Amino acid sequence: MVLEHDIPAGGRLYVGEKARLKREIEGISAKILEGEGFREIVTPYFSYHQGDFIRWNRLIRFADRENRIVTLRGDTSFDLLRLVVNRLKTPFKKWFYIQPVFRYPTREIYQIGAEWLEGDLKEIFRLNRKILETIGVKGTPLFSHWKVIEWLLEEEVVTPKELREMNLGKFQWEWLRKLASLSQIGEWRGISGLPSQLKPYLEELDTFMVESGVTDGIIALLELPPFQYYTGVFYKIIGEQALFARGGSYRVGEVEGVGFSIYTDQILEGKERENFQFSER
């Protein structure tokens with residue numbers, strides 16, 4: 001029996017201090033993003049094209065009056081890009097959003113995100129960390145490179161299932177087990193038998209981390225991303241028990257860009273667990 005006050009699993013309710021804190025986090029983020037030259041955009045909850053990049057079984061879908069499949073927005077990035085490029089037809093390239101996405105069966109995921117068409121990933125990563133630091137969140141960045149994963153999958157060196165399970169004992173090659181185990185810049189250079197095709201991507205990842213001034217980052221090369229629109233370096237920022245943010249370089253259709261999403265609810269839960277304090281800056 002469903003009671004009048006029941007909330008579906010995955011639904012969100014913000015009351016009192018938690019509602020105030022959510023609004024404050026969003027306000028601080030918006031101020032920083034506007035100061036960095038980004039404009040805000042609010043995209044429709046409904047979309048025809050989410051299935052292009054998200055598996056259909058992860059989307060909440062129904063039909064419109066013409067019996068065409070419609071879904072609730074499961075990700076903001078590619079709808080934002082399509083609307084900016086094809087509908088608004090504006091040359092402006094720096095956009096941010098503060099809005100939820102939805103996943104099957106009843107998950108609400110509140111996000112603060114930024115997209116920069118033809119932008120600089122090092123700058124977007126810096127901005128991502130600036131927002132987190134300003135709202136008092138300290139996380140560890142993990143870095144990977146989509147081209148490494150793509151090559152491994154295309155050459156059938158490893159399967160998506162094996163990547164998700166990360167059971168190193170099932171990996172056929174010793175160099176692959178070592179690649180999965182490394183965590184620091186340059187460690188890959190000591191791996192015997194490493195395919196030469198992977199080396200340019202590993203060099204690119206090292207260069208990105210050095211030029212970004214990363215001193216606390218970890219390399220997680222076989223990290224399988226949730227979306228396959230990434231094209232190069234991508235990252236996530238994690239806490240002890242939470243994923244705080246995710247970002248990277250991507251391509252959607254003919255549009256290339258960089259961007260990130262900050263997961264508001266994970267930060268609110270972290271605030272409750274660890275008593276985060278906002279910076280005075």
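The values are calculated or read from the model by the stated rules, or taken from the named source; none is laboratory data. The shown structure was predicted, so the numbers you read here are calculated from the model rather than taken from an experiment. Glycine also receives a Cβ, built like all others from the backbone with ideal geometry; neighbour counts cover every protein chain displayed. Just the protein is used for accessible areas: all its heavy atoms, side chains included, with ligands, DNA and RNA removed. Shrake-Rupley method; radii C 1.70, N 1.55, O 1.52, S 1.80 Å.
Take the conditions among the hydroxyl-bearing types (Ser, Thr, Tyr) and farther than 25 Å from residue 176 by Cα and apply them to residue 263. Does it pass?
Details: among the hydroxyl-bearing types (Ser, Thr, Tyr): yes; farther than 25 Å from residue 176 by Cα: yes.
Here the answer is yes, as residue 263 does meet what is asked.
Might you let me know whether segment 62-69 holds any residue that is modelled with pLDDT under 95, over 17 Å from residue 261 (Cα atoms), among the β-branched types (Val, Ile, Thr) and not in a loop (DSSP other than H, G, I, E, B)? Yes, segment 62-69 contains a residue that is modelled with pLDDT under 95, over 17 Å from residue 261 (Cα atoms), among the β-branched types (Val, Ile, Thr) and not in a loop (DSSP other than H, G, I, E, B). Going residue by residue through segment 142-155, is there one that turns out to be touching a residue at least 60 places away in the same chain (Cβ under 8 Å), closer than 13 Å to residue 260 by Cα and out of contact with any Phe, Trp or Tyr (no Cβ under 7 Å at 6 or more places or on another chain)? No: segment 142-155 contains no residue that is touching a residue at least 60 places away in the same chain (Cβ under 8 Å), closer than 13 Å to residue 260 by Cα and out of contact with any Phe, Trp or Tyr (no Cβ under 7 Å at 6 or more places or on another chain). Against the list (1) open to solvent by 80 Å² or more (accessible area, probe 1.4 Å); (2) within 30 Å of residue 118 (Cβ to Cβ); (3) more than 19 Å from the chain's Cα centre (by Cα), the condition residue 20 fails is (2). Inspect segment 217-225 for any residue being crowded, with 18+ Cβ neighbours inside 10 Å, in contact with a His (Cβ under 8 Å, 6 or more places away or on another chain) and assigned to a strand (DSSP E or B) and give the result as yes or no. No: zero hits.
In segment 121-147, which residue that is β-branched (Val, Ile, Thr) and open to solvent by less than 10 Å² (accessible area, probe 1.4 Å) is farthest from the chain's Cα centre (by Cα)? Spell out the reasoning first.
Kept after step one, since they are β-branched (Val, Ile, Thr), are these residues of segment 121-147: 124, 131, 134-135, 137, 140.
Still in the running and open to solvent by less than 10 Å² (accessible area, probe 1.4 Å): 124, 131, 135, 137.
Numbers: 124: 12, 131: 15, 135: 19, 137: 17 Å.
Ranking the candidates gives 135 first.
Taking the criterion of being aliphatic (A, V, I, L, M) and either under 20 Å from residue 225 (Cα atoms) or in contact with a helix residue (DSSP H, G or I) (Cβ under 7 Å, 6 or more places away or on another chain) (or both), the residues of segment 32-91 that qualify are 32, 41, 54, 59, 80, 81.
Screening residue 168 with (1) open to solvent by less than 80 Å² (accessible area, probe 1.4 Å); (2) at pLDDT 95 or above gives one miss only, at (2). Cβ separations smaller than 6 Å between residues 6+ apart or across chains give the following pairs from segment 26-49 residues that are on the phi > 0 side of the Ramachandran plot and at pLDDT 95 or above to residues that are surrounded by 13 or more Cβ atoms within 10 Å (Cβ to Cβ) and not in a loop (DSSP other than H, G, I, E, B): 37/94. Going through (1) assigned to a strand (DSSP E or B); (2) open to solvent by 40 Å² or more (accessible area, probe 1.4 Å); (3) of a type in the set (S, T, N, Q) one by one, residue 86 falls short only on (1). Scanning segment 194-207 for residues that are open to solvent by less than 20 Å² (accessible area, probe 1.4 Å) and closer than 19 Å to residue 236 by Cβ turns up 202, 205, 206. Counted as qualifying within segment 89-165 are the helices (runs of 4 or more DSSP H) with 3 or more residues that are in contact with a strand residue (DSSP E or B) (Cβ under 7 Å, 6 or more places away or on another chain), namely 121-134.
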